[in-house]
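The values are calculated or read from the model by the stated rules, or taken from the named source; none is laboratory data. All of these numbers come straight from a predicted model, not from anything done at the bench. Counting neighbours? That spans all protein chains shown, and the Cβs are built from the backbone with ideal geometry, glycine included. All accessible areas refer to the heavy atoms of the entire protein, side chains included, with ligands and DNA or RNA removed. Shrake-Rupley method; radii C 1.70, N 1.55, O 1.52, S 1.80 Å.
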Amino acid sequence: MSSSATAGARSYQNFVNGKWQGAISGKTFPVYDPSTEEIIAQVAAADGADVDRAVQAARAAFDSGPWPLATAQDRGRVLFKLAEKIRQNSAALAELECRNTGKPIVEAEYDIADVATCFEYYGGLATKVTGHVNPVPANALSFTLREPVGVAGQIIPWNYPLLMAAWKLAPAIAAGCTCVLKPAEQTPLTALECANYFEEAGLPPGVINIVNGFGETAGSALVAHPGVDKIAFTGSAAVGKIIVKSAADTLKRVTLELGGKSPNVFFADADWEAAVDGALFGVFINQGEVCSAGSRILVEKKIYSKFVEAMTEKAKRIKLGPPLERETKMGPLVSKEQYDRVSSYLEIGKKEAKTAIGGGRPKQIGKGYYLEPTIFYDVDNNARISREEIFGPVASVIPFEGEPDAIRIANDTPYGLAGAVWTRDIYKAFRVVKSLRAGIIWVNHMQPTYVEAPWGGYKQSGFGRELGPWGLEEYLETKQVFVNLDETPIGWY
Ligand code: ADP
Ligand code: MG
């Protein structure tokens with residue numbers, strides 16, 4: 001069986017070694033629609049024993065069987081086929097993503113299209129992996145082979161569920177790895193649906209396994225398992241630190257894409273309308289549940305008051321509502337836990353700064369984990385709402401006086417995932433680009449993300465890069481081969 005629709009709520013098992021399997025303990029957990037607060041699925045809850053079974057399957061598929069014999073072309077075709085299946089089912093997948101996360105349907109549609117594009121990109125890249133010939137002396141030949149790193153444990157968050165799965169699965173498959181994916185416990189449904197495509201796409205059993213469950217049980221068991229060669233993680237900095245410590249015991253390779261408190265910097269000479277839009281889009285897209293959210297809005301003093309006013313006026317027009325309605329610009333937060341977490345920051349913010357708009361639950365809405373888009377202004381960069389990642393629709397607007405001050409404030413954060421600068425002056429724009437300590441910088445925009453370009457952070461936003469050739473590199477080992485061309489004995493003894 002795959003998945004079944006029973007009385008409105010579906011049920012899903014773990015996908016291990018090409019088969020659907022219940023948890024060994026028999027336990028399940030509920031998955032919710034955050035706009036109605038209703039249960040939409042029951043999912044098998046993996047613990048250490050289930051994770052062990054999945055790792056064994058991935059290990060066996062990596063060490064023997066048809067997968068190690070698959071050519072780069074074969075692996076590329078698997079990825080193209082997965083992309084095709086995702087495109088064929090994109091409407092249903094977008095709807096499921098929308099219902100499970102609460103994100104607006106229009107954004108979910110973009111996400112699913114990006115998922116297919118990601119599989120296509122790495123399908124093409126699979127056949128472009130090459131080694132080097134190294135310039136050693138004439139009596140020898142040295143070259144490098146690129147080989148898959150092995151079994152990859154992949155732990156992903158709930159804000160872009162299927163897209164985060166694609167960013168990790170696609171390069172791993174292109175490289176020839178096998179995978180154990182653990183989706184976020186809040187949002188496993190779209191990845192599980194895609195497991196139904198694996199066989200038809202040509203994936204042998206055990207190449208991609210999916211275990212459902214909580215971080216403290218399923219996630220931590222995956223990180224500790226000696227059969228796993230690499231952990232790729234996207235999530236909170238707090239969990240990133242736990243993962244690095246645990247992975248040290250088996251010296252796994254680790255890549256981390258963690259949180260941020262990214263500065264979105266507006267100079268007085270920026271294009272006014274584009275800037276006001278960009279400030280709002282940068283922080284309120286996907287309800288602000290974005291690791292690269294432009295949650296610190298730095299505005300030059302000359303335009304500061306007018307800018308806060310203009311943002312506030314425009315923010316009034318952001319349409320909150322049911323995520324499946326096409327006019328909706330913001331849906332609910334993903335879970336009760338996240339709603340409570342962001343609500344507590346709203347209370348902190350009201351004490352630390354002035355509130356331009358928002359600050360709580362929208363009045364007209366009954367059920368669902370909705371929070372208003374909230375703009376705090378006159379915020380000190382040392383305030384908690386400026387330093388801590390909130391992961392919700394909460395903006396801190398901070399004034400600055402001139403370029404050096406902007407750079408100083410922008411970099412005064414433990415994080416370094418992203419940043420943006422808005423100005424018509426190209427000299428200033430590129431000076432700021434070079435000064436910001438972050439992995440992704442946008443000029444006169446914020447958030448566009450392409451599979452062809454690298455993604456990842458400086459400082460406590462993690463290490464390693466996803467997407468582009470950089471993303472594939474993280475799933476490859478380098479083997480150096482030395483060939484002696486000189487037939488005379490070494491003559492050592
Ligand atoms: P949030 O708190 O917003 O849910 P997390 O960083 O906790 O963000 O979650 C991101 C992913 O990390 C999820 O898949 C979650 O299950 C997983 N996770 C949480 N705690 C751990 C842990 N101790 N070890 C491994 N994975 C974890
Ligand atoms: Mg957590």
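Brief remarks on what is shown
- Using alpha-carbon coordinates, inclination of helix 237-248 to the longest axis of the chain, degrees: 20 degrees
- If you wrap the Cα atoms of the range 263-443 in a convex hull and average its projected area over all directions, you get 9.7 nm².
- Pair residue 87, residue 313: separation of 7 Å Cα→Cβ label points (nm): 4.4 nm
- Ranked by the mean number of other Cβ atoms within 10 Å of their residues, highest first, the peptides 443-455, 113-125, 252-264 fall in the order 252-264, 113-125, 443-455.
- Sulfur and carbon atoms: percent of accessible area, the chain [1.4 Å]: 56 percent
- Out-of-range pairs (alpha-carbon distance over 22 Å; input 182/252; 316/354; 261/354; 81/230): 81/230
- Cut-off 13 Å between beta-carbons: net charge of the residues surrounding residue 81, Lys and Arg +1, Asp and Glu -1: -1
- Computed extension length for residue 411-residue 365: 12.7 nm, one decimal, from 0.36 nm per residue of separation with the Cα-Cα distance subtracted.
- Taking the Cα atoms of the range 434-481, the ratio Rg/Rh between the radius of gyration and the Kirkwood radius comes to 1.07.
- Entry note: the range 142-184 has Rg to Rh equal to 1.11, where both radii use alpha-carbon atoms and Rh is the Kirkwood radius.
- Extreme residue, positive dipole direction of the chain, given options 251, 201, 64 (C-beta unit charges): 251
- With the charge dipole of the range 313-463 set up from +1 on Lys and Arg Cβ and -1 on Asp and Glu Cβ about the Cα centre, the Cα lying farthest toward the positive end among the listed residues 418, 396, 433 is that of 396.
- The range 1-100: proportion of alpha-carbon pairs further apart than 21 angstrom, %: 53 percent
- The largest accessible area among 67, 20, 470 belongs to the first residue in 470, 20, 67, and the rest follow in falling order (1.4 Å probe, all chains).
- Residues with amide H under 5 Å from that of residue 259, placed H, sequence gap 5 or more: 237
- Entry comment: accessible area of the range 7-69 is 45 Å² per residue, from protein heavy atoms only and a probe of 1.4 Å.
- Helix 90-101 vs. the chain, principal-axis angle (Cα, 0 to 90°, nearest 10): 60 degrees
- Summed side-chain charge close to residue 173 - residues other than residue 173 whose Cβ falls under 12 Å, Lys, Arg +1, Asp, Glu -1: +3
- Residues in the range 119-150 reached by a label modelled at residue 486 [backbone nitrogen below 19 Å; 7 Å Cα→Cβ]: 134-143
- Aspartates and glutamates with Cα under 12 Å of residue 367, excluding same-chain neighbours fewer than 8 positions away: 33, 37, 38
- Note on the range 441-493 and the range 96-169: Cα centroid distance 13 Å, given to the nearest whole angstrom.
- Diffusion coefficient, µm² s⁻¹, Stokes-Einstein with Kirkwood Rh over alpha-carbon pairs of the chain at 10 °C and 1.306 mPa s: 67 µm²/s
- Computed about its Cα centre, the charge dipole of the chain is approximately 560 debye, with only Lys, Arg, Asp and Glu carrying charge at their Cβ.
- Summed residue charge, Cβ within 15 Å of residue 14's Cβ, Lys/Arg positive, Asp/Glu negative: 0
- Report note on the peptides 400-408, 198-206: ranked by the mean count of other C-beta atoms within 10 Å, highest first, their order is 198-206, 400-408.
- Phi-derived couplings, Karplus 6.51 cos²θ - 1.76 cosθ + 1.60 at θ = phi - 60°, listed residue by residue for the range 34-39: x, 8, 10, 6, 8, 6 Hz, with x used for Gly and Pro.
- In the context of the full set of protein chains, the range 263-443 has a per residue accessible area of 41 Å² (1.4 Å probe).
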